[in-house]
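Worksheet: one structure, shown below.
The values are calculated or read from the model by the stated rules, or taken from the named source; none is laboratory data. On a predicted model such as this, the values are computed, not experimentally measured, just so you know. Methodologically, a virtual Cβ is constructed for each residue, glycine included, from the backbone with ideal geometry; neighbour enumeration extends over all protein chains shown.
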Amino acid sequence: MIAREKSGEVVGHVALERGPGTKVAERGEAVVTSEHRGRGLLERMTERLSEEAVKKGLEGIYAEPVTIHTFSQRNDEHAGMPVCAALLGVTEKFGPKDVHLTTIGQRQSYLRTFRFLATPRCRTVHAPERYREVLSELYAAIRAPVVLAPRSSEPSTESRTAIKVNGRGYAVVTFDQIGSNASVELHQAFRDVRALGASTVQLSAPISDPGLPRLSDAAHDLGFFLCGLGPGFADGGDTFCLQWLGAALDTSKLQLFTDGAKRLIALIEQDRTAPTTA
């Protein structure tokens, strides 16, 4: 979506990007020229994109606003996109020139905001015991009804996993299915991404998988802590995310606009400093 002056000059842009077969799309590539800021262009383009997304059959839109300022977060709040995750230290230190940043000197972090485009169906989630309350809060924020399933003792026969590491020291370990040997597989995947230079690691797994509580326990013992939700990220199913940081990061320096973001960061910090049994 673009915004033009009467002369035809482009003064604003925002886009939706999605992977093959996915039912949610990321809103990004947002920019408005400095002389046209403060006129609500980003909000109007975002709303127009939402209308087009419905026509394309998408179920939801997410965004990952930076925490070096609150401009994008304000737009997400206006667009009805509450925070459902916080991604700490996912990229190298950066920032606009000649702008003072409170986060200078540490890896930069993002939030994840989300909005359903239609009334969501009820979800059955296998929430780890330590995260049942926060998951209930996050689902309430995005207005998705949930049923918390009892802990199961019947894991899948085998895990299906993948790892990915980018050039900025950020890795994602994905469990598409959680098997009985998930703890061993997680330890191996963690060693692999660390050997490939990862200083920040995200763990993602289906929240509907009965093996999630066991995987979460194993991850916590490795030093992983709360990250949040990926609604519709797994072929329409939701993912639960944990994260690990290998570098110091002061969350009090993050610029946060909404009470929901502040609440989530506080819960993440509490989980991050909780003792492990490893």
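Scanning the stretch 98-123 for residues that are at pLDDT below 95 and of a type in the set (Val, Ile, Thr) yields Val99, Thr102, Thr103, Ile104, Thr119.
Just one of (1) more than 19 Å from Pro210 (Cα to Cα); (2) surrounded by 13 or more Cβ atoms within 10 Å (Cβ to Cβ) fails for Asp176. It is (1).
Tell me, please, whether a residue that is closer than 17 Å to Gly89 by Cα and among the charged types (D, E, K, R) can be found in the stretch 251-260.
Taking the stretch 251-260 first, the residues closer than 17 Å to Gly89 by Cα are 251-256.
Cutting the leftovers down to among the charged types (D, E, K, R) gives us 253.
Yes, the conditions are met somewhere in the stretch 251-260.
Residues in the stretch 179-222 that are crowded, with 16+ Cβ neighbours inside 10 Å and part of a loop (DSSP other than H, G, I, E, B): Ala198, Ser199, Ile207, Ser208, Asp209, Pro210, Gly211, Leu222. Screening Gly167 with (1) closer than 16 Å to Ser216 by Cα; (2) modelled with pLDDT under 95; (3) under 23 Å from the mean Cα position of the chain (by Cα) gives one miss only, at (1). Which of the following residues is within 13 Å of the chain's Cα centre (by Cα) and either farther than 29 Å from Arg121 by Cα or outside the structural domain of Thr22 (by TED's automatic domain parsing) (or both): Ile265, Ile207? Just one listed residue meets the conditions, Ile265. When residues in the stretch 142-155 are screened for being in a loop (DSSP other than H, G, I, E, B) and either aromatic (Phe, Trp, Tyr) or modelled with pLDDT of 90 or more (or both), 5 of them pass. Considering Val54, Val83, the condition of being surrounded by fewer than 21 Cβ atoms within 10 Å (Cβ to Cβ), of a type in the set (A, V, I, L, M, F, W, C) and in the same structural domain as Gln106 (by TED's automatic domain parsing) is satisfied by Val54 alone. From the residues in the stretch 144-165 that are without any contact (Cβ under 8 Å) to a residue 40 or more places away in the chain and exposed (fewer than 13 other Cβ atoms within 10 Å of the Cβ), which one is farthest from Pro128 (Cα to Cα)? Only one residue tops the list, namely Ala162.
Only one residue in Glu158, Glu137 is acidic (Asp, Glu), at pLDDT below 90 and assigned by TED's automatic domain parsing to the domain that holds Phe240, so which one is that? Spell out how you get there, then give the answer.
Working: Glu137 fails: at pLDDT below 90.
Within the list Glu158, Glu137, the selection yields Glu158.
When the stretch 15-26 is filtered for residues that are surrounded by 15 or more Cβ atoms within 10 Å (Cβ to Cβ) and either at pLDDT 90 or above or assigned to a helix (DSSP H, G or I) (or both), the ones remaining, listed by number, are Leu16, Val24, Ala25, Glu26.
Restrict the check to the stretch 226-239 and report whether at least one residue is surrounded by fewer than 23 Cβ atoms within 10 Å (Cβ to Cβ), touching a residue at least 60 places away in the same chain (Cβ under 8 Å) and in a helix (DSSP H, G or I). So far as the stretch 226-239 goes, no, none of its residues is surrounded by fewer than 23 Cβ atoms within 10 Å (Cβ to Cβ), touching a residue at least 60 places away in the same chain (Cβ under 8 Å) and in a helix (DSSP H, G or I). Within the stretch 246-255, can one find any residue that is surrounded by fewer than 23 Cβ atoms within 10 Å (Cβ to Cβ) and over 22 Å from Ala274 (Cβ atoms)? The answer is yes, given that some residue of the stretch 246-255 is surrounded by fewer than 23 Cβ atoms within 10 Å (Cβ to Cβ) and over 22 Å from Ala274 (Cβ atoms).
Of all the residues in the stretch 222-243, those that are of a type in the set (Phe, Trp, Tyr) and within 19 Å of Ile142 (Cβ to Cβ) number 2. The conditions of being surrounded by 12 or more Cβ atoms within 10 Å (Cβ to Cβ) and more than 16 Å from Gly230 (Cα to Cα) are not met by Arg4.
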